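Working notes for the structure below.
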Amino acid sequence: MAYLEIRGASVHYPVRNTWGTTGEVVRAVDDVSLSVERGRILGLVGESGCGKSSLSRAIMQLQPLTAGSIELDGTNLSALSAAEVRRRRLDFQMVFQDPYASLNPRFSIFSTLAEALSRREPLPRRHRESAVAELMNRVGLSPEHMYKYPHEFSGGQRQRIAIARAIAPRPALLLADEPVSALDVSIQSQILNLLNDLTRDLGLTMIFISHDLSVVHYMADDIAVMRRGRIVEYGPADEVFGNPQHEYTRKLLEAVPKMD
Ligand SMILES: Nc1ncnc2c1ncn2[C@@H]1O[C@H](COP(=O)(O)OP(=O)(O)O)[C@@H](O)[C@H]1O
Ligand SMILES: [Mg+2]
């Protein structure tokens, strides 16, 4: 059985106006079924507003499903109690688009990473510095900066910190929602390479989300193309990229700048 099984998942938001809810809904995610095998990278691609973040929040249990189910390693997550979800959440971690918003500006990198490292089991005080240093090295940051604060780092370095925090509790699944969209083009590929290396080295399963098909093709083993809340095409990355079946996928491909 696949590590992650999404079955008939829907996320509908009530439409509100000045007087309250109208009875209508936005079908942000509409009957989506997907599975991800252990150790593979699934790329989820689609235009802004198609429902990618709603689906990823549902997988992370940050957003309730309107219908369907999400199973992680054979466990139906919606059936768990809040306490059980908190414990299971160590197994699935997320990297967000904006590393600045996702890091607490009042905590040094040392505090943020030491806290993340002690989430699964207590980390004795005398080991904290060396464990944080090792983690920083792993994501390409120099440990000499561990007592600095988020605003003292560049956007790319902040995303490395966010990635370090995500892998600290040794998750099995990493969900990256547009992790390079807020970064300078010149450093995007460094962060993509880092995510790729970590996924392979740590044997992670990953869901990689982007509106950019070329970025998804670079990262993913399999690609799911999402449009208006639905998956319109799904298959091995090279097939979807090289021989798209759906008209919408071809449109996304035309938007990809041609390499010379
Ligand atoms: N909390 C929310 N309440 C109401 N509508 C929302 C909410 N979040 C997202 N939406 C709507 O759901 C749709 C999908 O949004 P989103 O999941 O953010 O897509 P994407 O990540 O692909 O840009 C959009 O129409 C968006 O306006
Ligand atoms: Mg989004």
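None of the figures in this text is laboratory data; all of them are computed from the coordinates on show. In this text the structure is predicted, and so the values were computed from the model without any measurement. Glycine gets a Cβ as well: all are built from the backbone with ideal geometry, and neighbour counts include every protein chain shown.
3J(HN,Hα) couplings calculated from phi for the stretch 146-152 with the Karplus curve 6.51 cos²θ - 1.76 cosθ + 1.60 (θ = phi - 60°) are, in sequence order, 5, 9, 8, 10, x, 5, 8 Hz; Gly and Pro show x. Taking every C-alpha pair closer than 8 Å and separated by at least 6 residues, the mean separation divided by the residue count of the stretch 1-81 gives a relative contact order of 40 percent.
Relative contact order for the chain: what percent, with Cα pairs under 8 Å and sequence separation of 6 or more?
Relative contact order for the chain comes out at 25 percent.
Computed from backbone phi, the HN-Hα couplings of the stretch 51-59 come to x, 4, 5, 4, 5, 5, 5, 5, 4 Hz, rounded to whole numbers (Karplus: 6.51 cos²θ - 1.76 cosθ + 1.60, θ = phi - 60°; Gly and Pro given as x). Put the Cα centre of the stretch 195-246 next to the Cα centre of the stretch 91-110 and the gap is 24 Å. About its Cα centre, the chain has a charge dipole of approximately 960 debye under the convention of +1 per Lys or Arg Cβ and -1 per Asp or Glu Cβ, with nothing else charged.
Note that the stretch 89-236, at 20 °C in a medium of 1.002 mPa s, gets a Stokes-Einstein diffusion coefficient of 134 µm²/s from its Kirkwood radius over C-alpha pairs. Using the Cα centre of the chain as origin and beta-carbon charges of +1 (Lys, Arg) and -1 (Asp, Glu), tell me which of Phe107, Gly74, Ser53 is placed farthest towards the positive end of the dipole. Result: Phe107, furthest along the dipole toward the positive end.
Defining a contact as two alpha carbons under 8 Å apart and six or more residues distant in sequence, what relative contact order in percent does the stretch 156-258 show?
Details: 100 pairs, mean separation 21.0, N = 103.
The normalised contact order for the stretch 156-258 reaches 20 percent.
Could you work out which residue, out of Ala79, Ala168, Ala237, moves most in a Gaussian network model of the chain, that is, has the largest mean-square fluctuation with Cα springs under 10 Å? Answer for the Gaussian network model of the chain: Ala79. Quick one: net charge of Gln97's neighbours, Cβ under 9 Å, K/R +1, D/E -1? Net of charged neighbours comes to -3. In a fully extended conformation the segment linking Glu152 and Ala82 would gain 21.6 nm over its present Cα-Cα distance, using 0.36 nm per residue.
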